Amino acid sequence: MTIERVIGHIEGVPVGTVFHRRKDVQDAQLHQTNQRGISWLLDEDGSRVSDAIVLNGGYVDDEDEWDRIQYTGASPGKDKDPSGRLLRDQSWSYTDNAALRLSFERGYPVRVIRGYEGDRRYSPSDSYRYDGLYEITDVRTAISKTPFLMA
């Protein structure tokens, strides 16, 4: 039986479920890909909207306070160095960022998956964990610590 990807919770996957590999998160239909931080799907009108994010130490500007997250948008892999520092400005036209912004505009929540390379206070030590739905309360362009623009 195939699980359909949707906005919101995935039936049969309770909050707190632990996955040992990123591929297991994808197989449970919580996230679209095995690599990217922002997952998206096609909404009823064919627009791409975000359904999930992974917090796994991707960018130096990410902040995780458990119930409040500042999430840096996405960039093609060549736009950041291995330490997560931006090498050039991010763009709202980049597919993943545009999907996250449209989810904000439509009032859609995103599923949050925390990985073992995220903030040690809240992340599992050697796995990935589904931590529920989060409301997107703001989207903005800001100056990164690097100092490039981040979506």
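Pairs of Cα atoms nearer than 8 Å and 6+ residues apart set the relative contact order; for the chain it is 27 percent. In this structure, the amide hydrogen of GLY132, modeled 1.01 Å from its nitrogen in the peptide plane, lies closer than 5 angstrom to those of GLY16, VAL112, counting only residues at least 5 positions away or on a different chain. Normalised radius of gyration (Cα atoms, divided by 2.2 N^0.38 Å) for the chain: 0.98. Between TRP40 and GLN32, ASP51, the built amide H atoms are under 5 Å apart, and every one of these is 5 or more places off in sequence or on another chain.
Among beta bridges from DSSP that stay inside the chain, the antiparallel ones total about 80%. Here the 3J(HN,Hα) profile of the range 109-120, calculated from phi with Karplus coefficients 6.51, -1.76 and 1.60 at θ = phi - 60°, is x, 10, 6, 10, 10, 9, x, 5, 9, x, 4, 4 Hz, Gly and Pro shown as x.
Rolling a 1.4 angstrom probe over the chain with all protein chains present gives an accessible area of which 49% lies on carbon and sulfur atoms. The H on the amide N of ASN56, modeled in the peptide plane, is under 5 Å from the matching H of GLY115, each at least 5 residues off or on a different chain. Take the chain with all the other protein chains still there, run a 1.4 Å probe, and you get 55 Å² of accessible area per residue.
The values are calculated or read from the model by the stated rules, or taken from the named source; none is laboratory data. Predicted model, so just to flag it, every value in this text is computed and none were measured. Areas reflect the complete protein model, heavy atoms only, side chains present, ligands, DNA and RNA absent. Shrake-Rupley method; radii C 1.70, N 1.55, O 1.52, S 1.80 Å.
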